[in-house]
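Trainee: Structure provided below as structure tokens; questions to follow.
The values are calculated or read from the model by the stated rules, or taken from the named source; none is laboratory data. Source: prediction; values computed, not measured. Reconstructed Cβ throughout: ideal geometry from the backbone, glycine too, with neighbour counts over all protein chains shown.
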Amino acid sequence: MTITPLLMLRRRRVVRANLVLLVSALSLWSMPVLAQAPSERLPDKDVKTLIDQVDEGRDKFEGNLDNQLKNSTLRGANGETNVSGVLQDYQDQTKKLQDRFNDSYAASAEVATVLKQAGAIDRYMQGTPGVTKGRSEWDREASSLKHLAGAYGATFPLQEGATVRRINDNETAAAAGAVASAADRFKDNLDKASTLSKDDREAAKKDVELLIKQAEAVKDRTNDDKPATAEVRQLVEQVAKVQTFVGAHQIPAAMTDWQSVKTSLGTVQQAFGLPE
């Protein structure tokens with residue numbers, strides 16, 4: 001078959017197009033995966049609901065287990081395990097968590113204990129496919145435990161050495177209020193900075209006023225059980241903007257208050273799972 005110049009040109013175009021697609025695919029493949037943004041912070045009332053769900057799920061799981069298994073003793077590399085004792089301990093800890101969690105206490109240590117005990121049960125259920133009674137109930141319990149762990153900055157099953165910590169609404173709102181108060185003092189002290197020009201001072205005070213407004217918005221929304229992740233991000237950005245100003249000017253009279261702003265902001269960022 002005779003290959004005409006027109007056919008050769010078309011083949012070259014097809015090859016070139018395929019090369020472009022291949023290069024594009026390889027470029028996307030080699031691009032770093034962006035870190036996922038943390039999920040929206042749950043207010044205390046939703047965490048309390050999760051804790052109640054975990055206890056309810058535990059009760060349904062235990063109620064659906066085979067009686068012979070519940071009254072048995074398992075033997076393994078670490079010795080003997082009394083199943084009824086494990087179930088009782090798990091019940092005691094979920095009840096303790098329900099009792100301890102409140103507006104003033106996040107019960108992080110109690111959540112860690114529940115997750116560790118549940119992890120042992122989960123390993124047994126995942127490693128023993130012959131256990132069918134109670135399996136669906138445990139799958140639902142594990143789902144609730146995953147959500148609860150997420151509210152404490154952890155995962156379920158809990159990783160060895162993982163940190164389990166939550167900052168409750170009252171502490172979070174108080175930290176946001178402390179940001180606003182310290183920023184207000186910082187703004188007042190700008191008037192004492194003789195090294196600042198009038199224009200620089202006024203521009204900085206306007207930026208700080210916006211910072212105060214954003215901190216108060218975080219405080220109010222947290223107190224009202226409303227989502228506030230977007231407001232916290234705006235607050236962090238505004239603090240960074242003022243920090244650029246602080247870094248470029250000598251204002252020793254205001255530095256103590258500015259450090260207080262950053263310290264309290266760190267608590268707010270921890271509460272919302274944002275990097276400091």
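Trainee: Determine if region 115-129 includes at least one residue that is under 22 Å from Glu40 (Cβ atoms) and crowded, with 19+ Cβ neighbours inside 10 Å. Talk me through it step by step, then tell me what you get.
Mentor: At the first step, the residues of region 115-129 found to be under 22 Å from Glu40 (Cβ atoms) are 115.
Still in the list and also crowded, with 19+ Cβ neighbours inside 10 Å: 115.
Yes, because at least one residue in region 115-129 is under 22 Å from Glu40 (Cβ atoms) and crowded, with 19+ Cβ neighbours inside 10 Å.
Trainee: In addition: Within region 242-276, which residues are under 14 Å from Leu190 (Cα atoms), at pLDDT 95 or above and among the polar types (S, T, N, Q)?
Mentor: The answer is Gln243, Thr256.
Trainee: Also: Within region 150-161, identify whether any single residue is surrounded by 14 or more Cβ atoms within 10 Å (Cβ to Cβ), part of a helix (DSSP H, G or I) and not charged (D, E, K, R), and answer yes or no.
Mentor: The answer is yes; a qualifying residue exists.
Trainee: For Thr195, state whether it is in a loop (DSSP other than H, G, I, E, B), under 30 Å from Gln126 (Cα atoms) and hydroxyl-bearing (Ser, Thr, Tyr).
Mentor: Details: in a loop (DSSP other than H, G, I, E, B): yes; under 30 Å from Gln126 (Cα atoms): no; hydroxyl-bearing (Ser, Thr, Tyr): yes.
In short, no.
Trainee: Being modelled with pLDDT of 95 or more and under 15 Å from Leu274 (Cα atoms) is the filter here; which residues of region 219-228 pass it?
Mentor: The answer is Ala228, and nothing else.
Trainee: Please find, within region 221-238, the residue that is surrounded by the fewest Cβ atoms within 10 Å (Cβ to Cβ) out of those that are in a helix (DSSP H, G or I) and touching a residue at least 40 places away in the same chain (Cβ under 8 Å). Even if it seems obvious, please write down each step before you answer.
Mentor: Residues of region 221-238 in a helix (DSSP H, G or I): 221-223, 229-238.
Okay, now just the ones that are also touching a residue at least 40 places away in the same chain (Cβ under 8 Å), so 222-223, 229, 232-233, 235.
Working: Thr222: 29, Asn223: 17, Thr229: 17, Val232: 26, Arg233: 15, Leu235: 28.
Only one residue tops the list, namely Arg233.
Trainee: So, Thr73, is that one touching a strand residue (DSSP E or B) at 6+ places or on another chain (Cβ under 9 Å), over 30 Å from Pro227 (Cα atoms) and not charged (D, E, K, R) or not? Break it down into steps so the answer makes sense when it comes.
Mentor: Details: touching a strand residue (DSSP E or B) at 6+ places or on another chain (Cβ under 9 Å): yes; over 30 Å from Pro227 (Cα atoms): yes; not charged (D, E, K, R): yes.
Considered against the rule, which asks whether it is touching a strand residue (DSSP E or B) at 6+ places or on another chain (Cβ under 9 Å), over 30 Å from Pro227 (Cα atoms) and not charged (D, E, K, R), Thr73 comes out as yes.
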